[in-house]
1. Can you pull out every residue in region B:5-36 that is surrounded by fewer than 22 Cβ atoms within 10 Å (Cβ to Cβ) and away from chain C (no Cβ under 14 Å)?
2. Between B:LEU96, B:LEU121, B:LEU83, B:LEU105, which is within 27 Å of C:ALA70 (Cβ to Cβ), within 14 Å of chain C (Cβ to nearest Cβ) and surrounded by fewer than 20 Cβ atoms within 10 Å (Cβ to Cβ)?
3. Does C:ALA116 fit the bill of being crowded, with 19+ Cβ neighbours inside 10 Å and among the aliphatic types (A, V, I, L, M)?
4. Can you pull out the residues in region A:293-314 that are assigned to a strand (DSSP E or B) and not hydrophobic (A, V, I, L, M, F, W, C)?
5. What are the residues in region A:94-133 that are closer than 19 Å to B:GLY69 by Cα and touching a helix residue (DSSP H, G or I) at 6+ places or on another chain (Cβ under 9 Å), if any?
6. Could you tell me whether any residue of region C:89-111 is without any contact (Cβ under 8 Å) to a residue 40 or more places away in the chain, more than 8 Å from every other protein chain (Cβ to nearest Cβ), closer than 30 Å to A:LEU424 by Cβ and in a loop (DSSP other than H, G, I, E, B)?
7. Could you identify the single residue in A:VAL195, A:VAL273, A:VAL231, A:VAL218 that is β-branched (Val, Ile, Thr) and either modelled with pLDDT under 90 or surrounded by fewer than 19 Cβ atoms within 10 Å (Cβ to Cβ) (or both)?
Amino acid sequence: MNALLSAWGPAFESFLIWYFLVLNGLYVLLSLLAHREVYRHLLRSIYGGYEQLARSPLTPAVSVIVPAHNEEVSIALTVNNLLHLDYMRYEVVVVNDGSSDRTMAELREKFRLVPDEAKAEGRLKSRPVRGVYRSERHHNLLVVDKENGGKADALNAGLDHAKHPYFCSIDADVILEADALQRVIQPVMESGRRVIAVGGIIRVANGCRVEKGRVLEVGMSASALVIFQIVEYFRAFLCGRTAFSRLNSLLIISGAFGLFERELAVAVGGYRVDTVGEDMDLVVRLHAHMREKHLGDYAVSFVPDPMCWTEVPDSVRVLARQRRRWQRGLLEVLSAHKRMLLNPLYGGIGLFAYPFFMIFEGWGVLLEAFGYALFAAYWLRGGVESDFAVAFLFASFLCGTALSLCGVLLGEMSPRSYPKARHLAIMILFAVADNVLYRPLTTALRLLGVWDYVKGTHGGWGRMERHGLLRKTAE
Amino acid sequence: MDAAKRIVLIFEDNASIRELLTFFFQRRGFAVVFAEDGTDAVALARERKPDLIVMDLIMPGKDGVEAVGDLRREGDKTPVIMLTSKNYAADRERALATGANAYLLKPFNPLELDRTLASLLPPG
Amino acid sequence: MSSTGGLLHGLIILLEARPSLSVIVLASLGLFWLVVALSAYMLLFRFYHSTRARYRASRALLYRPAVELALMEESQERIESALRPRRWGDADVIQDVLSEAMRHLQGPPFDALRTAALRLGLVARAQRALQARALHQRERAMEALGFLRVAEAVPSLIRALSEERMELKLGALRALAAIGDPAALPAFVAAAETLPPPLLPRLASLALEFGPPGRDAAREIVNRHPRSFPPGVVADLLQALAQDDGGTA
């Protein structure tokens, strides 16, 4: 073991240290950029003309597509909330992806579905559709019943049946704010450029007071794992994605909530069913399409206002499944679009975002894991005083802590932040502990994801143990 | 509470509008009860027996049109005024078709509301 | 590991001729202090904002009765004295209270509150703030003028349309739409020539807020720039216009 360690040599150790420094350093720079955006957003008025936007006939209509698989516990509540968003013209397209439970029955009962003769456009392929239904009580609810095919397949079926110029893809277990559609359409209407997709920050619903399908009071869960994720989501969304969007290189819009131009999405072939990273894949393909076909100036925007709340895993087992899937999906998407790497045709994406994701998010996890392992080895060998260990301590832990704190700071500045002072104190504490406890864990999980990818694992979406967040608190 | 006071039931989720309507109706001698969405419209109407109901078209949970529909299906004949945005004629028609007696445009004009009240309710 | 210890260690490394690592260690020490500073900044930020919000809320309570008075059809004098600032710095709070009430109102109570705002100098204050240095202050001023529906501000707002940055142009358009003076409509049509094409649907949408003359302006904008209006949007607009023209009054 000693021979191995000395064989690597100080050069490699330096390389590792530089890797961490560059990674965290770049992220700190991105955070500074993001800070400016978020702060400006905060200073602007709380009115912003959203109401007028929501009520105008010239604001585009939106199709909200909800793929649902075995969601009998909460589907009725979710769909009811979606039907009462503060937006004038929109439709809700629920796609029952061959559920084996009472999802379809719940929908039929609660919304009085009757068969609908509307023909799908037929431009996107999906698993066979068993039936299309409309609600008697709600004229803007459409339910597509189809055979099981996975989330991407269900979204494609939904896209085929949707009729409005924009669509929102959401997960069946999210809670949308009432003004979510107003806020997500705002960049489309008020940018000087053509906005083809919009993403938003996903907030953690665990521990919040949820009543009648709305988050009434923001609260913090007691679970340490959840709090780590709260800090992580703030960092990832507010520091990372805000900045990337500012550079017009945003590659990921979360599948939990995102808005896209429908015609464009259909033109690029909808969602790919053979990858678990279908949300990122669509965005990357949209970028590619716009640039390759020289379709002019465009933007993929990010809204730092909270519009969507979701339940995050509160057990390591479920977290592991999720992170392995995310890592695998990322690598699948990156490999499918290799041609973008350092290709000036793709502008900021080819020259910065793609290499960044490939090096730091995709494969860099190997270096990170090795760094942590090496540090642990030094520590066990009896001494954190070695140069490497000291440098690692600072490069990885301290820089990482600074980054996590940036995330918490931006979280503080955004609407619906955690109200109590002790919440902030807890988040600061967890931001510090993040790099000691949580980052190594996610690195290990992502490593497993890389292994899954290399091994060629296929298939699906594991089962998320839903605690019936909506249902439980409504009763 | 003065037994002769008429009761108005206000369904409105925007706190400012609710407040303005409360002032308006209190000035005219009504007792005001309010709710934030139409989910319990039928139950509330049965419990409080209002003389008038004012409802916003857009509310979380259950919006104005659905709530009015519920009430009318239960046989409730209480006069209903629907608050609607000025931009969508279709919504106004839908409100009236489902059973609202009159609509009121937002931003609301107390003079308009007075006129509507006069036409809907016997002088009190 | 104290910072002096680390500093010492960094120097030792330097002496052992390993400059890259020592630089890293020293730079990282700076980062340690940055981390501490960030935490302090956050706590201060939180403290400042929550205290400020609480203070403003408590001040607002003092002036809200004026809205009630307006709806209770009380005399102009009573309304005005209820709105008179009682402490330096309350002007902002009073403006917010008025904006929040007046945006939902029209008719006699609105007129009473507007007269009060005029007499108390709030309108003049907002007009002055249109020239403020800070971007967000100019935005808020435009917004206030919109909510107060100050027709006298229309020329300044039209000027802002050609002079200001994008967010302010939008703010000016929104304010003009809230004021509703049809004299601003030619400026809307003219703005269609200079605004980037993706913004034209928004422009036309705000033009519709003016009522019947606004519809003509919107139609003109669409006719002059058909390519900026995706097919679906144009159809919707025409349908909406037809509805309002032939629908219930």
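1. The answer is B:LYS5, B:ARG6, B:ILE7, B:ALA31, B:VAL33, B:PHE34, B:ALA35, B:GLU36.
2. Numbers: B:LEU96 fails: within 27 Å of C:ALA70 (Cβ to Cβ); B:LEU121 fails: within 14 Å of chain C (Cβ to nearest Cβ); B:LEU83 fails: surrounded by fewer than 20 Cβ atoms within 10 Å (Cβ to Cβ).
B:LEU105 is the lone residue from the list that is within 27 Å of C:ALA70 (Cβ to Cβ), within 14 Å of chain C (Cβ to nearest Cβ) and surrounded by fewer than 20 Cβ atoms within 10 Å (Cβ to Cβ).
3. Against the criterion (crowded, with 19+ Cβ neighbours inside 10 Å and among the aliphatic types (A, V, I, L, M)), C:ALA116 qualifies.
4. A:TYR298, A:SER301, A:PRO304, A:ASP305, A:PRO306, A:THR310
5. A:GLU109, A:LYS110, A:PHE111, A:LEU113 - these are the residues of region A:94-133 that are closer than 19 Å to B:GLY69 by Cα and touching a helix residue (DSSP H, G or I) at 6+ places or on another chain (Cβ under 9 Å).
6. yes
7. Numbers: A:VAL195 fails: either modelled with pLDDT under 90 or surrounded by fewer than 19 Cβ atoms within 10 Å (Cβ to Cβ) (or both); A:VAL231 fails: either modelled with pLDDT under 90 or surrounded by fewer than 19 Cβ atoms within 10 Å (Cβ to Cβ) (or both); A:VAL218 fails: either modelled with pLDDT under 90 or surrounded by fewer than 19 Cβ atoms within 10 Å (Cβ to Cβ) (or both).
When all the criteria are applied, what remains is A:VAL273.
Quick grid of which residues meet (1) within 14 Å of chain C (Cβ to nearest Cβ); (2) in contact (Cβ under 8 Å) with a residue 24 or more places away in the chain:
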residue	(1), (2)
A:LEU405	yes, yes
A:LEU410	yes, yes
A:PRO415	yes, yes
A:LEU424	yes, no
A:ASP434	yes, yes
A:THR443	no, yes
A:ARG446	no, yes
A:GLY449	no, yes
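The values are calculated or read from the model by the stated rules, or taken from the named source; none is laboratory data. The model shown is predicted, which means the values in this text are computed figures rather than measured ones. Note that each Cβ is placed from the backbone with ideal geometry, even for glycine, and that neighbours are counted across all protein chains shown.
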